[in-house]
Amino acid sequence: MILYKPEYWMEAIRVTVDNVKLKRISNENLSCLPSRLKQSVLEKLQISGFYNVTLSQVFALLNPYMTCIDLSNFEATDADLLKLIPFSKRLQSFAVNHCHGSPTVSGMCSFLSRCSVLRSASLTNFEESIDDVLAIIGNTLKNLQILDISGCKSFSICGIASISTLEMIEAMNLSRTCLDDQMTDKMITNSVGRSIKEFRCDDCANLTLLSIEALYYLPNLEFISFRRCSRVKA
């Protein structure tokens, strides 16, 4: 058996990823790579949006150095989230798109409760109530700076109250949600109102001009978007 120096491994993997379709490499071979090489390949694939890559290949590349993972282009299930749990303590950025009922709110709660250092979370298009998810976020993800729950159809003022105490949040996307004036007021009169710099609430049919005007008075706000909010009349 021939052992190569790490720098030769790195060059070999770079050439492989650049010039060979990943589907030609078995998951077993991917899983045998050294952790740092797995991370190098994973980063490169994430930049390309995991084009022409399967979820099983992504999981073969999971490693202790991984700090971000974006599963938005896959139909991830609760079982898939369980596979990420051993690597969750270092995760700083996570994204998933709810599709065909997966992952479930219960699965998301179980996973997020283990991601204490997460700084960016994108959990989009959930159709069932995400109040429990928001409660986990508010209670556990104290370092969260970016939150995207766009397209989530159901949450209450109780859920909003849970995340309104986040002290480090800088950017939020609540576009295409049930956000209303009362929920907005709950957020901006708490910690979120003092820290938020970017706020997106496009296509929120329940918002009125009252909320938009209040947002303009937030001390650190640098960007706001409220396109196609039907009840907002200038």
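Using the C-alpha atoms of segment 32-119, what convex hull volume per residue, in cubic angstrom, is computed? Mind dumping the intermediate values first?
Numbers: hull volume 7.8 nm³, N = 88.
Convex hull volume per residue, Cα atoms: 89 Å³.
Compare the Cα positions of 50, 100, 123 along the charge dipole of the chain (+1 at Cβ of Lys, Arg; -1 at Cβ of Asp, Glu; about the Cα centre) and return the one farthest towards the positive end.
50
Taking the Cα centre of segment 67-225 as origin, sum charge times position over the Cβ atoms of Lys and Arg (+1) and Asp and Glu (-1), and report the length of that vector in debye to the nearest 20. The partial results should precede the final answer.
Values: 12 positive and 19 negative charges, 131 e Å.
The calculated dipole for segment 67-225 is roughly 620 debye.
Counting other C-beta atoms within 10 Å, and keeping those with at most 13, which DSSP coil GluC sites (Glu not before Pro) do you find in segment 105-177? Let's see the in-between values first.
On the way: sites: 127, 128, 167, 170; in loops: 127, 128, 167, 170.
Counting only loop positions with at most 13 other Cβ atoms within 10 Å, the GluC sites (Glu not before Pro) in segment 105-177 are 127, 167.
Helix 6-19 against the longest principal axis of the chain: what's the angle in degrees, Cα atoms only, rounded to the nearest 10?
70 degrees
Quick check on the exposure proxy: order 114, 176 from fewest to most C-beta atoms within 10 angstrom.
Details: 114 17, 176 20.
Going from sparsest to densest Cβ surroundings: 114, 176.
Using all alpha carbons of the chain, what is the percent of pairwise distances in each 5 Å bin, ordered from the shortest bin to the longest?
Computed distribution, short to long bins: 1, 6, 13, 17, 16, 13, 10, 8, 6, 4, 3, 1, 0, 0, 0.
Throughout, read-outs are computed from the coordinates displayed, never taken from laboratory work. Small disclaimer: the values here were computed from a predicted structure and weren't measured. Reconstructed Cβ throughout: ideal geometry from the backbone, glycine too, with neighbour counts over all protein chains shown.
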